Amino acid sequence: MDPELEAFLPLIPKADLTDPVVERKKFAELATAVPVPAVADMEIEDRTVPADPEVPVRIYRPHRARGAVIWMHGGGFVMGDVDTEHPWATRLADASGVVVISVGYRLAPENPFPAALDDVYAVLTWAAEHAAELGVDPELIAVGGHSAGAGLAAGVALRARDERGPRIRFQLLNQPGLDDRQETWSARHFTDTPWMNRDTVTAAWRHYLGSAPASPYATPARAADLSGLPPAYIAAAEFCPNRDEDVAYALRLLEAGVSVELHQWPGTFHGSHAILSAEVSQRQIAELAAALRRALAG
């Protein structure tokens, strides 16, 4: 493990999704400890997107931005909101120069699949239809997220392709959760890794899927056909249960003719980019922003 990250291991709590309400509170407390960067020339606005029910979003508009990303927070489909994602959405918008539309999608287990995906798709459709109002080019709209949010981004890209929905320019998938089956080497062997381990992943998928059968929109690794999807940047962490499914998805996209940039970060674990003092974390965050900036340069 990266020595700068390893020094923080005694301070990292184990995520336990047995009681989602308790864990949401802990997750929010962790988020408040992350500093929010001071930014200039950026408008930040809270809005609601018309849907049933309405979807809260927080919009970050850097000066002279042309592209936009529909951005989904992590939290195992169970935790998080636009407030917990605020430090990261601010960083992403500032470093990429792209409008970030952070989505407060509904959480499981109270709202299992497809609630979150429906929320994200509603925001994507709204953003495409209101591109002029948002001041962005409708041809320069991406989807992305961390962890479960990245899985949602991959699922909405599949749905938009199949339903001939809004054109998505790019997928930015950071350590995505893509496969509920947990049959890969990393999913089977990383049973005690920091923050997220096999038990956490099992609980997250159980809460998210509920009684519904797993489908490609919920677990994109189950999709038989990945052709026609947007180009992707996929980042994986070495000591993360999701690692091998992320790498496998990237290879399958390539085999389907989709352009992919894949970065497997050595010495890292799931969510370790939150340890901002580590050089590797700074590189990870900078890479996400740079990939988005390149993709939406127009």
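The values are calculated or read from the model by the stated rules, or taken from the named source; none is laboratory data. Please read all numbers here as calculations on a predicted model, not as lab measurements. Cβ atoms come from the backbone with ideal geometry, glycine included; neighbour counts cover every protein chain shown.
Among the residues that make up the stretch 5-23, is at least one of them within 13 Å of THR84 (Cβ to Cβ) and surrounded by 14 or more Cβ atoms within 10 Å (Cβ to Cβ)? For the stretch 5-23, residues within 13 Å of THR84 (Cβ to Cβ) and surrounded by 14 or more Cβ atoms within 10 Å (Cβ to Cβ): present. Determine the pairs where a residue that is more than 20 Å from HIS86 (Cα to Cα), located within the stretch 41-57, has a partner that is of a type in the set (Asp, Glu) and not in a loop (DSSP other than H, G, I, E, B) with Cβ atoms under 7 Å apart, the partner being 6 or more residues away or on another chain. Cβ pairs passing all conditions: ALA51/ASP119. Quick one: how many residues across the stretch 262-280 are part of a helix (DSSP H, G or I) and within 16 Å of the chain's Cα centre (by Cα)? Selection size over the stretch 262-280: 3. Does GLY145 satisfy the criteria of being closer than 21 Å to GLY271 by Cα, within 15 Å of the chain's Cα centre (by Cα), assigned to a loop (DSSP other than H, G, I, E, B) and of a type outside the set (D, E, K, R)? The answer is no for GLY145.
Within the set TYR217, TYR208, the sole residue that is of a type outside the set (Val, Ile, Thr) and crowded, with 22+ Cβ neighbours inside 10 Å turns out to be TYR208. The set of residues in the stretch 62-83 being within 20 Å of HIS146 (Cα to Cα) and surrounded by fewer than 22 Cβ atoms within 10 Å (Cβ to Cβ) consists of ASP81, VAL82, ASP83. ALA297 falls short of the stated requirement of being over 20 Å from LEU17 (Cβ atoms) and in a helix (DSSP H, G or I). Among the residues of the stretch 216-261, those identified as touching a helix residue (DSSP H, G or I) at 6+ places or on another chain (Cβ under 8 Å), part of a helix (DSSP H, G or I) and within 11 Å of GLY177 (Cα to Cα) are PRO220, ALA221, ARG243, ASP244, GLU245, TYR249. Criterion applied to THR202, THR268 was being surrounded by 20 or more Cβ atoms within 10 Å (Cβ to Cβ) and of a type in the set (S, T, N, Q), and the one residue passing it is THR268.
Applying a threshold of 7 Å to beta carbon distances and a minimum spacing of six or more residues, or different chains, the list of pairs starting in the stretch 186-197 at a residue that is under 10 Å from ALA237 (Cβ atoms) and assigned to a loop (DSSP other than H, G, I, E, B) and ending at one that is at pLDDT 95 or above and basic (Lys, Arg) is empty.
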